[in-house]
Each structure stands twice: as C-alpha cells, then as structure tokens.
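Here's the structure we're looking at; comments come further down.
The values are calculated or read from the model by the stated rules, or taken from the named source; none is laboratory data. Worth saying up front: this structure is predicted, and the values here are computed from it rather than measured. Backbone-built Cβ (ideal geometry, glycine too); neighbour counts: all protein chains shown.
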Amino acid sequence: MIVGMVILMNINKIMFLFENNNQCMGVDFTLKTTHYSCSAQQVLHEACLMNGHTIKGSVDAIRHHLKIRQKCPVLISVVNKCLFFPLPLAHHHQLVWVRYVPSIKCKMINQHQTQVNILDHQFTLDVNQRMIKRQIKRCQAYVDILTKNELEWDCRNASPIGFNELLQQNENYRKEYS
C-alpha cells in the first residue's frame with residue numbers, strides 16, 4: 001500500500017514514463033527523475049487503483065468511447081483529467097508514456113523524430129509526429145467526453161429533490177398513466 005501512495009503522489013507530477021526491460025523511469029515537471037523497479041504499466045495500474053479504478057477499466061472505457069483498439073491512453077484521475085498515452089520509440093524497442101496536457105505541442109524534425117513541447121519544456125522523441133498528434137487528438141476527445149458528462153451530471157443535480165417529493169411525483173405519474 002505504501003508503494004501505491006508513493007506512486008500516486010509522484011504520478012501527479014510525472015511528465016514522461018520511460019520503460020525498458022520491465023524497469024521504469026519517470027521524469028517530472030521539474031526534470032527530476034524517479035526510478036521504479038516495475039514496468040510503466042504497473043506504475044499506471046497502481047496509480048489507477050489509488051484513484052478507485054483499474055487500468056483495464058480505464059482502457060475499456062476509452063476504447064468504448066473513442067472506438068479504438070491499439071495504443072490506448074490510460075485515464076489515471078477523472079477529477080484531474082490526468083491521462084497518459086503510449087508511444088513506441090522508433091529503433092529503440094522502448095515505450096514512453098506521455099502525460100496529456102491541453103497545451104502540448106509537437107513539431108516534426110524528420111520522419112522519425114519529433115520535438116514535443118509540454119508547458120515550458122522541450123524534448124525530442126524518436127517518434128513520428130503523426131502518431132503523437134493522433135494520440136493528442138484521442139486524449140482531447142476523451143477529456144471533452146468527460147467534461148460533457150460532468151456538465152450533464154451538474155444539470156441533473158442542480159435542483160435536489162427530497163424523498164417525499166419523489167414519492168409524490170411517483171404517485172402523480174401512476175395516477176396519470178394508469
């Protein structure tokens with residue numbers, strides 16, 4: 001459980017998770033690195049569990065809403081809209097998980113290299129720009145779905161109804177349609 005708490009505290013600050021041979025390194029927004037003795041998938045799974053859901057449930061929901069099958073982002077926190085998306089690095093047999101932030105930008109350097117700007121930080125990744133843009137679009141679409149659902153939920157809860165009022169509405173409904 002302590003490991004999960006450490007991961008949850010760190011995951012809110014993580015910008016990238018690099019995975020190599022079931023070892024994982026996280027880079028946070030201050031460029032400090034954190035090493036984990038497990039895979040990035042396990043780090044993300046622990047973070048999901050600490051937020052009350054599983055990584056499988058997160059991936060299944062995203063697949064359902066976006067109608068995708070491969071390279072599916074993972075939602076860590078619904079409240080913070082914390083999402084990570086996977087990118088396989090060209091020629092390295094490594095996987096990098098990038099945290100989605102709305103201001104993320106990417107610029108093509110060449111066919112297999114892309115400059116990624118996250119907040120005030122600039123990185124070069126050995127990934128095709130098209131793949132990064134597709135993942136960013138997926139994350140934007142899913143955040144839009146979450147926001148829309150929150151707005152609908154807020155509207156439904158705008159006027160709370162008491163138990164007696166609910167019984168009265170039920171009685172009126174029964175009389176009207178019987």
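Annotations for the structure displayed:
Conditions (1) part of a strand (DSSP E or B); (2) surrounded by 13 or more Cβ atoms within 10 Å (Cβ to Cβ); (3) more than 10 Å from the chain's Cα centre (by Cα); (4) modelled with pLDDT of 90 or more, marked per residue:
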position: ILE68; (1), (2), (3), (4): no, yes, yes, yes
position: CYS72; (1), (2), (3), (4): no, yes, no, yes
position: LEU75; (1), (2), (3), (4): yes, yes, no, yes
position: ASN80; (1), (2), (3), (4): no, no, no, no
position: PRO86; (1), (2), (3), (4): yes, yes, yes, yes
position: HIS91; (1), (2), (3), (4): no, no, yes, no
position: VAL96; (1), (2), (3), (4): yes, yes, yes, yes
position: SER103; (1), (2), (3), (4): no, no, yes, no
position: CYS106; (1), (2), (3), (4): yes, yes, yes, yes
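- Among the numbered conditions (1) at pLDDT below 90; (2) among the polar types (S, T, N, Q); (3) crowded, with 17+ Cβ neighbours inside 10 Å, the only one that GLN42 does not meet is (1).
- Subset tally (residues that are of a type in the set (Lys, Arg) and within 18 Å of MET15 (Cβ to Cβ)) for region 106-131: 1
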